[in-house]
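Let me begin by presenting the structure, written as structure tokens, before commenting on it.
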Amino acid sequence: MNRENLILEIEHEKLLNEFLIYCSGSLGSVKMDEIIKKVNNSRVVSKFMFEAERINQKLSADDFLGCIHSSRSFFFSKAETISIATIVLLKKWNYLIGEPKNISNNIYLNKPVGCNYLK
């Protein structure tokens, strides 16, 4: 099995949790808690979640990233902070919208950005 297909088959929760644990060790738990708090308290994220629930369909990586980039809390943040915030938003969307509405799965969540071989 090639690397891309292996990544697609891994449980997304394990992948995301491992990444967040790694980041927590790298940045510190205080910084991680700050990022999570900013995502959860952002008005832009609240609007995004409301609209995502309304349209009830899969979103692209650009949608999640665009949401974080448009939040004032992350205007001057480093790329790693933006990445972590985007993953936190993805987890939030999946937990509240994707899974309950059956519009997400491991392959969708693990598909690399720009990957066109699986739609």
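The values are calculated or read from the model by the stated rules, or taken from the named source; none is laboratory data. Here the structure is a predicted model, which is why all the values come from computation and not from measurement. Ligands, DNA and RNA are stripped out before the accessible areas are found, and what is left, the full protein with its side chains, is counted by its heavy atoms. Shrake-Rupley method; radii C 1.70, N 1.55, O 1.52, S 1.80 Å.
A count restricted to region 22-67 and to residues that are aliphatic (A, V, I, L, M) and within 18 Å of GLY98 (Cα to Cα) stands at 8. The residues of region 47-78 that are open to solvent by 80 Å² or more (accessible area, probe 1.4 Å) and under 15 Å from the mean Cα position of the chain (by Cα), listed by number, are LYS58, ASP62, HIS69.
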